[in-house]
1. Condition first: crowded, with 21+ Cβ neighbours inside 10 Å, more than 14 Å from ligand 1 (Cβ to nearest atom) and at pLDDT 95 or above. Can you find one or more residues in the stretch 239-258 that meet it?
2. Any residue at all in the stretch 135-151 that is more than 11 Å from ligand 2 (Cβ to nearest atom) and basic (Lys, Arg)?
3. Looking at the stretch 84-111 only, could you name the residues that are more than 18 Å from His53 (Cα to Cα), in a helix (DSSP H, G or I), of a type in the set (A, V, I, L, M) and within 16 Å of ligand 1 (Cβ to nearest atom)?
4. Val130 - would you say it is of a type in the set (Val, Ile, Thr) and closer than 21 Å to Ile227 by Cβ?
5. Exactly one condition in (1) within 15 Å of the chain's Cα centre (by Cα); (2) farther than 17 Å from Ala148 by Cα; (3) more than 16 Å from ligand 2 (Cβ to nearest atom) is false for Lys59; which is it?
6. Return the residues of the stretch 205-216 that are crowded, with 18+ Cβ neighbours inside 10 Å and not in a strand (DSSP E or B); say none if nothing qualifies.
7. Filter the stretch 92-111 down to residues that are more than 23 Å from the chain's Cα centre (by Cα) and in contact (Cβ under 8 Å) with a residue 12 or more places away in the chain and give me whichever is farthest from Gln218 (Cα to Cα).
8. Please go through the stretch 220-241 and give me each residue that is touching a Leu at 6+ places or on another chain (Cβ under 8 Å) and at positive phi, ordered by number.
Amino acid sequence: MGTFLEIKLAVDGHDNASRALKDIEDAFILGKDMEAALSLYDKNSELSRFNQHEYGVFKASNIFMELLEISLFVHSVTEGAFDPSIKPVVERWGFYDRGLDAPPSDEELLLLLASVGMDKLEIDEMNGTVLKHANIQLDFGGIGKGFAVDKMSGLLIDRGHDRFIVNLGGDIYVASLYDETPWRIGIKDPKGKKTPYAVINTRNKGVATSASYYNFQQKGNIIYSHIICPFTGSPVDHRSSVTIIADSSALADGLSTAFAVLGPGRAKDVGRKLPDIYGLIILTNEKGYEEYSINDIESLIY
Ligand code: AMP
Ligand code: MG
């Protein structure tokens with residue numbers, strides 16, 4: 001997934017520590033398996049096979065179905081701002097190691113957008129199949145890391161661990177099932193200052209940050225973000241950092257990407273439909289910072 005994985009868990013005693021190490025190794029193996037299934041770069045991954053399958057019924061694994069279902073939920077609750085079928089457009093803007101020679105014209109974008117849209121697939125939960133009505137292609141870059149974090153966290157909980165952190169490149173789950181002491185998570189200053197912009201106190205939650213300027217293509221002085229608006233096909237043009245805290249890391253991951261597309265005003269509206277999430281949006285420009293809160297994030301910052 002092009003990033004690091006870090007797992008820390010609290011144990012007492014030598015025996016518990018060696019058992020915990022084994023559990024951490026198993027969580028890493030699970031993470032690797034998920035990477036293998038969801039990779040866009042590996043031509044034999046399940047995702048690549050799905051993308052190469054042009055039309056008709058695709059038999060999917062349970063993991064693939066589950067991720068697709070969560071993606072459809074995030075897609076609908078964000079009114080389409082989260083859209084993993086954006087893949088051909090992301091590719092055209094030079095991502096996936098392709099590089100950007102020249103930005104696409106409006107006509108070219110319109111043509112690419114014709115193949116985008118989650119209505120071009122239908123899932124059959126009972127049979128574990130996906131019906132492709134068109135040659136729709138998916139990119140789980142906006143939600144896959146969070147989903148993998150949830151699966152690894154689930155493994156650790158099943159093995160009896162109650163206080164741990166799983167951090168996959170900044171997509172985090174913090175567990176503290178019985179101990180009510182919260183984990184403290186620093187939000188990186190979007191202007192690059194050393195001290196965190198804010199510190200959030202929480203437990204048993206997923207936390208994810210999407211920043212429009214983490215990953216970009218540059219042409220001359222113009223920077224093209226890796227987060228693309230599915231309605232226009234263009235990269236988001238504001239410098240924003242969106243942190244979401246939710247019951248699962250997958251939800252936090254998908255929503256943070258979508259909210260980066262929607263911008264603070266519409267993100268706040270969607271946030272009202274989801275009372276169990278919290279969010280902090282920081283816009284930056286030459287003048288400084290503009291801060292927006294989703295639901296009552298202030299209650300977690302102390
Ligand atoms: P994140 O870092 O979680 O915000 O995810 C960004 C990645 O998600 C990009 O690198 C793309 O692979 C993918 N992506 C870009 N725009 C969207 C979008 N509107 N909906 C879903 N995924 C997207
Ligand atoms: Mg995301």
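1. So in the stretch 239-258, the residues crowded, with 21+ Cβ neighbours inside 10 Å come out as 240-246, 249-258.
Keeping just the survivors that are more than 14 Å from ligand 1 (Cβ to nearest atom) gives 245.
With the extra rule that they be at pLDDT 95 or above, the set shrinks to 245.
Yes, the stretch 239-258 contains at least one residue that is crowded, with 21+ Cβ neighbours inside 10 Å, more than 14 Å from ligand 1 (Cβ to nearest atom) and at pLDDT 95 or above.
2. Taking every residue of the stretch 135-151 in turn, at least one turns out to be more than 11 Å from ligand 2 (Cβ to nearest atom) and basic (Lys, Arg).
3. Val89, Val90, Leu109
4. Working: of a type in the set (Val, Ile, Thr): yes; closer than 21 Å to Ile227 by Cβ: no.
In short, no.
5. Of (1) within 15 Å of the chain's Cα centre (by Cα); (2) farther than 17 Å from Ala148 by Cα; (3) more than 16 Å from ligand 2 (Cβ to nearest atom), only one is false for Lys59: (1).
6. Selection gives Ser212 alone.
7. So in the stretch 92-111, the residues more than 23 Å from the chain's Cα centre (by Cα) come out as 100-111.
The next check asks that each one be in contact (Cβ under 8 Å) with a residue 12 or more places away in the chain; those that pass are 100, 102-104, 108-110.
On the way: Leu100: 8, Ala102: 10, Pro103: 10, Pro104: 14, Glu108: 19, Leu109: 18, Leu110: 22 Å.
Top of the filtered list is Leu110.
8. Gly233
The values are calculated or read from the model by the stated rules, or taken from the named source; none is laboratory data. Not measured: the values here are computed from a predicted model. When we count neighbours, we look across all protein chains shown, and the Cβ atoms used for this are built from the backbone with ideal geometry, even at glycine.
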